[in-house]
Number of protein chains: 2
Amino acid sequence: MNLPIGELARRTGVKVPTIRFYEQIGLLPQPPRTEGNQRRYGKAEVNRLNFIRHSRELGFDVDDIRGLLEMSSQPQASCHQADSIARNHLAEIDRRIASLRALRGELSRMVEECTHGRICDCRIIEVLADHSQCKAEHAH
Amino acid sequence: MNLPIGELARRTGVKVPTIRFYEQIGLLPQPPRTEGNQRRYGKAEVNRLNFIRHSRELGFDVDDIRGLLEMSSQPQASCHQADSIARNHLAEIDRRIASLRALRGELSRMVEECTHGRICDCRIIEVLADHSQCKAEHAH
DNA sequence: TACATACCTTTAGTCACTAGAGGAATGTCG
DNA sequence: CGACATTCCTCTAGTGACTAAAGGTATGTA
């Protein structure tokens, strides 16, 4: 359990330069180094990095993650902060899912029409342009 | 129908600087200008920009959109290019939906546990760290 | 001990915007 | 007609979250 950065990368699915980047912006602590100045990591870093990766996949941004990580170091102190971060993301995720599902339907219909359509006059552009009004309000 | 850029922005939900940016990278054509050098747009630009915005929301990148826009100018020539672009995105969208749905479940469970949990020992961090292994393979 | 491989730092590039400075045009009200 | 708020103009630089490349050093195996 004295992993070089490449091993940490392999075990977490996070690329080597990204790990160094995370250290640079303070998401990962500076690990101990070998004589020759190479980083060595332990089990804690594997967990922490897995947490970071998964959070990024969930759509949390770096500041959110920083917050969550801080909280985890003060176990029960500020649970409802974590809750509110998660809650916000839940709403956002619901919005994204709804949007993607609607658009998936559109897209698959377009593909259908396009492949089996006569004269290949698929309306992909028109469809995308038409349906765009009905969501004009929610920026993101 | 001789809209200044702000009106175009209002009608499409795309911000003014973003419109200028789209012109700069060639997604929007250079519109005619007034005596005093201000851009004036017509109905065609409203459509085109709506199409662009909606495509971006779908997750198409600028190159894809450029491709789609080119195709739309040569009506039936290369429909199966549009088809393949759309098809690729269909797969990607399915992946994203699946991922979001899984994570939504996790997140909402966490929120539940956290709000109603005793002693407020919510496991948000642990949950995020634990579940991260089972998706280590699919990057992005 | 030679050598491939993995590591190091630093700088610059990517994508799709977004913000700000400093100034000119437009349109409305008196 | 003139003052004035608002919108517009260009240009440069900054953002977030990486990713790539250059040029050089450690590590570990044959």
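The values are calculated or read from the model by the stated rules, or taken from the named source; none is laboratory data. Nothing here was measured: the structure is a model prediction, and the numbers come from that model. Cβ placement follows ideal geometry from the backbone for every residue including glycine, while neighbour counts extend to all protein chains displayed.
Before moving on, here are some points about what is shown:
- Filter pass, A:PRO4 being more than 10 Å from DNA strand D (Cβ to nearest atom), more than 21 Å from A:GLY67 (Cβ to Cβ) and touching a Lys or Arg at 6+ places or on another chain (Cβ under 8 Å): no
- Filtered by the rule that a residue be without any contact (Cβ under 8 Å) to a residue 40 or more places away in the chain and away from DNA strand D (no atom under 14 Å from the Cβ), segment B:50-61 gives B:ASN50, B:PHE51, B:ILE52, B:HIS54, B:SER55, B:GLU57, B:LEU58, B:GLY59, B:PHE60.
- Listed by first and then second residue, the pairs with beta-carbon distance under 7 Å, at least 6 apart or on different chains, first residue in segment B:11-35 and away from DNA strand D (no atom under 11 Å from the Cβ) and part of a helix (DSSP H, G or I), second modelled with pLDDT of 95 or more and among the polar types (S, T, N, Q), form an empty list.
- Residue match in segment A:38-49 (condition: within 8 Å of DNA strand D (Cβ to nearest atom), assigned to a loop (DSSP other than H, G, I, E, B) and without any contact (Cβ under 8 Å) to a residue 60 or more places away in the chain): yes
- Candidate set from segment A:29-45 (those that are within 14 Å of chain B (Cβ to nearest Cβ) and either under 14 Å from A:LEU69 (Cα atoms) or at pLDDT 95 or above (or both)); member that is nearest to DNA strand C (Cβ to nearest atom): A:GLU45
- Taken across segment B:21-44, residues that are of a type in the set (Val, Ile, Thr) and either on the phi > 0 side of the Ramachandran plot or surrounded by 12 or more Cβ atoms within 10 Å (Cβ to Cβ) (or both) do not occur at all.
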